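Okay, structure first, notes after.
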Amino acid sequence: MTTPTNGQAPYNWATDKGFSPNAPRQNAQPSGPRVQKQRTVNVNFGGSDGGGRANDGNGGSGAGQAPAATPNNHQGDGMIRAIERIEFRGPKDILACAKAVNRLGRELHFILSMRAEEIQAVLSTHKGTWYTFGAQSRIRARLVAMHLKVSAEAAKALGVGALKMAHAFDRHFVKPEQEAKRKKNGQQGRRQFNMEDV
């Protein structure tokens with residue numbers, strides 16, 4: 001409500017549009033053009049190009065999934081498919097899985113770290129309030145980019161975990177089998193490091 005200076009009654013938008021300020025609202029909409037804001041997001045859930053498991057020829061129906069946005073896949077899609085295709089039939093398959101997961105983790109770490117730096121650089125150029133000289137924008141940009149940097153570190157931990165898995169497999173399964181075969185054949189094991197020789 002605005003108060004005019006020429007002595008007229010104050011203008012009230014609600015009463016002008018037919019709304020009573022004391023009356024209960026019953027699906028009352030202001031007249032005039034209505035603006036709807038929509039945000040469009042492209043998401044690739046799979047489809048005919050093999051982005052997901054739906055239409056990969058393994059019996060997936062693909063019902064309810066959106067078609068793929070573009071026919072070309074990202075490099076990470078091929079890495080994930082390579083990990084999915086590994087069948088564990090021997091030690092070489094476990095080592096191949098560890099190498100593939102490590103490679104995926106390193107690639108994700110690199111990509112996410114670069115994107116976090118890019119986001120921080122873009123957001124820090126935003127002009128904040130005039131009295132902070134942009135310092136507030138740089139602080140906020142660092143806070144936003146930090147979440148992606150944490151995700152990058154998680155991807156790095158993914159790759160390191162895969163290498164630790166391969167090392168644990170070697171220590172708990174491969175080495176005991178090799179020692180058992182040596183003892184069975186009468187061969188001596190590898191010479192161990194001994195501090196008593198000093």
Averaging sequence separations of C-alpha pairs under 8 Å and six or more residues apart, then dividing by the length of the range 77-183, give the relative contact order as a whole percent.
31
Could you work out what % of the accessible surface of the range 77-183 is carbon and sulfur, using a 1.4 angstrom probe and leaving DNA, RNA and ligands out of the count?
64
Between LYS127 and ARG103, Cβ-based FRET efficiency (R0 41 Å, step 0.05) works out to 0.50
Could you rank PHE193, PHE110 by how accessible they are, 1.4 Å probe, largest area first?
PHE193, PHE110
Of the listed peptides 134-143, 167-176, what is their order by residue-averaged count of other C-beta atoms within 10 Å, with the highest listed first?
134-143, 167-176
In Å², and per residue, what accessible area does the range 77-183 have when probed at 1.4 Å with the other protein chains present?
73
Too long for a 29 Å Cα-Cα cut-off, among LYS156/LYS183; LYS99/LYS183; LYS156/LYS181; LYS127/LYS149; LYS149/LYS175, are LYS156/LYS183; LYS99/LYS183; LYS156/LYS181; LYS149/LYS175
Highest to lowest packing among 111-118, 96-103, 78-85, scored as the average C-beta count within 10 Å
96-103, 111-118, 78-85
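The values are calculated or read from the model by the stated rules, or taken from the named source; none is laboratory data. In this text, all values refer to a predicted model and were calculated from it rather than measured experimentally. Cβ coordinates were reconstructed from backbone atoms using ideal geometry, including for glycine residues, and neighbour counts include every protein chain displayed. The accessibility values were calculated without ligands, DNA or RNA, using every heavy atom of the protein model including side chains. Shrake-Rupley method; radii C 1.70, N 1.55, O 1.52, S 1.80 Å.
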